[in-house]
Structures are given as C-alpha cells and as structure tokens.
C-alpha cells in the first residue's frame, strides 16, 4: 500500500514539473487594468500586459470588453493618439510614460571598450521598451550634458548614442540630478510614469551635488532610478543608496558583455500597454457592474476583471425655480478685519516712536560709557548726540525722569551692559512700555477685556524680562566658551616676547564677540588711565566669569612678586578646559531628563493653546466662569512649581 502511494506521488510531481517546463513563457503573463475613466456614454482605460512572451506583437492583439452578456464596442491603440470614433480626449487615458538613460562617459569607460558596449546595450534597451515610452539621453563625464530630450523617436536616440565618447572625470550625482530635471522640463510631471536608468563603472569624483541632497531630491520627486553597476571598481554603497532612496532597482554587470542583459532586465520596468476606449450603452448608464477584458495575443487569451461605476447620462436641466432673495448675514471676518486695522495702526505708531530711539543707539552708548567713566555718573539723554525726533524725544525725556526718580538708572545700565544691549535705561523702559501696550491691545482684541488686559501686561513684562535674562545668560556662556582660546592666544604672545597689553590687543583683533568686545573695553579704560587689573576685574563683574577672576588674580600676583605669567596662565587654561569637558559630559548625561521636563511643561500649555484656536467652546468654561478661572490659575501655579522642581532635579553643579 505504501509503495503504491509513493509511486502515485512520484507520478503527480513529474506531471507538475513537466507542465511547468512546457509553458514557461505564459505562466507569468497576466493583465492589469488601470487608469479607468468614465463619462456619459464613454469609458476609457489602460491594459498593462505583464510577462509578455518574447516575440509577441501587442499591436496584433485582439481586445474584447464585456459587461455581463453584452459586448461593448471598443477602439484599441498602443500610444497616446486618440483613435477615430474613440471617446473625446477628456475621457481618454492621459498617463504618459518617460525614461531618461544616463550613461557614464568618463575616461574609465575606455577600458574593455565599455563605452561601445554601453551604446549597444542602450540601443537594445530602446528597442525593447514599449513604443509609447518617451526616451531621453544624458551623458556625464566632468559635467552632465543632455543629448536627447524625452521623445518617442527611437532613431534620434540611437543617433545620439553614437556621438558619446569617453573622456574626463565622473560627475555621477550631477548626471542623475540633471536626468531628473530633463523629465521635469519635458512636461512629465508627477501624473506621468517617470524613470531614470543610470550606467556607471566608478565612483563620483567632481559633482557639485552631494549624495545626501541627491537622495533627498529623488525621494521627494518619486522618480525611480534603476542603477546598472559595471565592473568591480564601483562605489557600491553610493549606487545602492541612489536606487534605494528612489525605490529603484540595483542591477550589476560584471563586465561589458553582461551590460545587454542588465539593460533588458531594466526594460522590464515598463510593461506593454494597450489603450482602450469603449462606448457605453444607455442600459448601463449610472450603474455599477463588473467589466471583463479579454486579450488574445501570441495564441493565448488573457483576461482581467474590474468593478466599474459607469457615469450617469447627461441631463438637460430645465429652467431653475426662482429662489427667494435673502440678505446675507454680517460677514464673520469683519471683526477680525477691524482688529487687524487697529493692530496695524498700533504697529505703525509704536514703530514711529521706537525707530528714532534705536537708530544711532550704538554710537550714543559708546559716548555715554566714556562720559560715565570720566564723570562717575550716568549721562542724561540731553547730553548725547544723535537725539531722536520730537515725539521720541518727549517719550524719552519722560522715561529718563522715571528711571532717575527711582534711582535705578545705574543698576539698569549695568544689567543692559551685561546683556550686551546697545540701549540706555530710558530707551529700554520706553521699549518695554511699547511692547506691553501692543501685547495688551492684541490680546484685548482676542479675549474679553478683563482677561486680555492683565494677561497682556503679564506676557509683555515677563517677555521683555526673559529676553534680557536669556541674552545675558547666552553672552556669559559664549564668553566662558571663548575664554580658554583667548587666554591661550595671550600665552602664546607672552612666550613670543610680547607684553601683556600687546597680547590682549591681539585677542581683540583675533577673537569674536563677546570676548573681543569686553577685552577691548578693558584696554580702552587703561588708555584713559585705569589699571589693567582693575579694568579686567570689571570685566569679571560684567560676565560673572570665575575663570577670568583666576587669571586676573594670577596677573596681580605676577605684578607683585614676579614669576612666569605664561606658565601660570597655562595651568589656569588647562583647568578651564577640564572643567568645560566635565560640564559638557554632565549636560549630555542629563539631556534625557531635561527633555522630559521641557515636554511635561510644554504639553499642557500647547494643548490649551491648540484647543483655544480649534475648539474654543471646549475650554471656554476655564476663562469665563469663576471656578474655571480658579482651576486655570491653580493649574498654572502647579505647572510653574513642577517646572521649577524638575529644573532643580536635572541641574548638576560642576
């Protein structure tokens, strides 16, 4: 019994193998319907034939279209030209196909007559792909050159192939990018089927286009690039990235003789296609039915089906019934338009006040600093040149008096100086008032007055204070990062025989702000009679630089007892660099905690703002009722406390 079963299985397997071997050409052949478009009384679609047997002529194929038991009259073509009696072009298939062949024409293609094999393989490729595919040609050596724009004229393409000669370097990336541009210039947009075939036998050497930029362009354009890699001296990683980024194919040819096979494989990306235009009878108008398409080609019948919703018949609408005339309601954008006009007027007014104040501020600031140092008291606005206009001068006079009345001018001057801001206390106060006024006006238009006014005051004041504090911290951090390099320059100058003043002058010339500005200011003070150590100590107070205080202490000790200042400063610089390395290491270790803190604090605020803009009615209770305002205030307080706690948690002192 077992022997019979075994024999039966052997016979069945032999039959299956024999059947598979008997018809290899037809097993993979199949139809695919695409591009279906319907119009009243008309239907058009494309029939793509996959795995067409070699030697089969698609132009001799017979096509029939049936819906149920009814056969539809159909016109068939293999190109984009409309057929006589076919539906109008608006209902025909409009998908255009195009490909650009980019051939490496560098001097390395001379070996083994690779350029001749490339020309022959490309000519064979032009014969194999369907006749409706527009074919272009680009050759690249030291630079890419477009030889043929996409066309269906195969003779023009073949003639251009014979003009390619191998010479020069390899601009592979530029060649691929120009091939993509050729398709765009030919009017083959995203609606068309586009492709690029690239042949190269080496690595890119002279392209202006970077590989990362090219990969991003290919992914954005959605143009598949089929790469044919010839030989072993190729940049396999770069070529694979080009094909992978574009969703193309990577084909390898070990020698010139294998190029033809690689190009034939690339040609399989374009299937044979028929364009069908059929007449739809009135009995199918407005209905949905299954359409069956049969194609007789090379002695074999291939079939495919698709569910189609046929267009409804065109109707001649009669005279429309008269409609009642209704006056439209007031447009919803009217309030916003009025608010925009008010905001624009406020912006123009504030700009008219601030512009003359800020113009010339750097010059006034420098003169004011010299006057302050010479007289020992802060200068007044009336004593400086470049005075602004009448309106700004009146506003400045008021803010200057307000600053002096509270004896805050010197303190505010020091704060602005530490932030590196070229405005005086009176100008800063006027700028704060204008920003707060503008913020209040904007929020008053967006929110109820009792919520917009206090919120505008809070945002304006806190925003300006935060800007100054952030700028001050950024400047201090930049000074600390630049200081070791600046001191290293001083050390080198001292070892070369220069004096300390000359070494600091070199720092001013060679370094960037804020180190150059602060050291230059210290040197300017010494020219006015101040001691260098005292001037540098004032730099320490403005920048909160503990590292610089060590250097100043070293200079004082060297002035009093002597010694090698360069060696002492070198020790200080080494310590600074080690502390900086440790600080950066701690910052990297705590990065995850800081990011979590930022997200946890920003998430409720961002969600509230999003809901306020998109579905304001969902959160309206929070700012229109007493209990809602209490909840909102409590939530804000908890967010502030949580943010402060998390900032202390992830802060590590070094």
Exercise for the section: Looking only at segment 397-405, decide whether some residue is in contact (Cβ under 8 Å) with a residue 12 or more places away in the chain, over 39 Å from the mean Cα position of the chain (by Cα) and outside any helix (DSSP H, G or I). Expected result: no
Fill in the blank from the handout: Scanning segment 174-186 residue by residue, the ones that are surrounded by 22 or more Cβ atoms within 10 Å (Cβ to Cβ), farther than 18 Å from residue 134 by Cβ and out of contact with any helix residue (DSSP H, G or I) (no Cβ under 8 Å at 6 or more places or on another chain) total 1
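Residues are listed down the side, and each one gets a yes or a no for (1) closer than 22 Å to residue 545 by Cβ; (2) surrounded by 20 or more Cβ atoms within 10 Å (Cβ to Cβ); (3) in the same structural domain as residue 520 (by TED's automatic domain parsing):
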residue	(1), (2), (3)
397	no, no, no
408	no, no, no
421	yes, no, no
424	no, yes, no
442	no, no, no
454	no, no, no
466	no, no, no
480	yes, yes, yes
Handout entry: Some residue of segment 118-135 being part of a strand (DSSP E or B), at negative phi, touching a residue at least 12 places away in the same chain (Cβ under 8 Å) and in the same structural domain as residue 202 (by TED's automatic domain parsing)
Key = yes
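Restricting attention to segment 241-264, report how many residues are assigned to a helix (DSSP H, G or I), without any contact (Cβ under 8 Å) to a residue 60 or more places away in the chain and surrounded by 15 or more Cβ atoms within 10 Å (Cβ to Cβ).
5
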Exercise for the section: Considering every residue within segment 49-61, establish whether at least one is surrounded by 13 or more Cβ atoms within 10 Å (Cβ to Cβ), farther than 30 Å from residue 173 by Cα, modelled with pLDDT of 80 or more and over 43 Å from the mean Cα position of the chain (by Cα). Expected result: no
Handout entry: Residue in segment 117-133 that is at pLDDT 85 or above and over 22 Å from residue 258 (Cβ atoms) present
Key = yes
Exercise for the section: Give just the number: which of (1) surrounded by fewer than 23 Cβ atoms within 10 Å (Cβ to Cβ); (2) touching a strand residue (DSSP E or B) at 6+ places or on another chain (Cβ under 9 Å) does residue 171 not satisfy? Expected result: (1)
Handout entry: Filter result for the condition that a residue is farther than 17 Å from residue 266 by Cβ, surrounded by fewer than 17 Cβ atoms within 10 Å (Cβ to Cβ) and in contact (Cβ under 8 Å) with a residue 12 or more places away in the chain, over 156, 152, 146
Key = 152
Handout entry: residue 189 being out of contact with any helix residue (DSSP H, G or I) (no Cβ under 8 Å at 6 or more places or on another chain) and in a loop (DSSP other than H, G, I, E, B)
Key = yes
Exercise for the section: Scan (1) closer than 22 Å to residue 48 by Cβ; (2) in the same structural domain as residue 71 (by TED's automatic domain parsing); (3) surrounded by 12 or more Cβ atoms within 10 Å (Cβ to Cβ) for the single condition residue 275 breaks and write down its number. Expected result: (2)
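The values are calculated or read from the model by the stated rules, or taken from the named source; none is laboratory data. All values derive from a computational prediction rather than experimental measurement. Here Cβ is always computed from backbone atoms with ideal geometry, including for glycine, and neighbour counts include all displayed protein chains.
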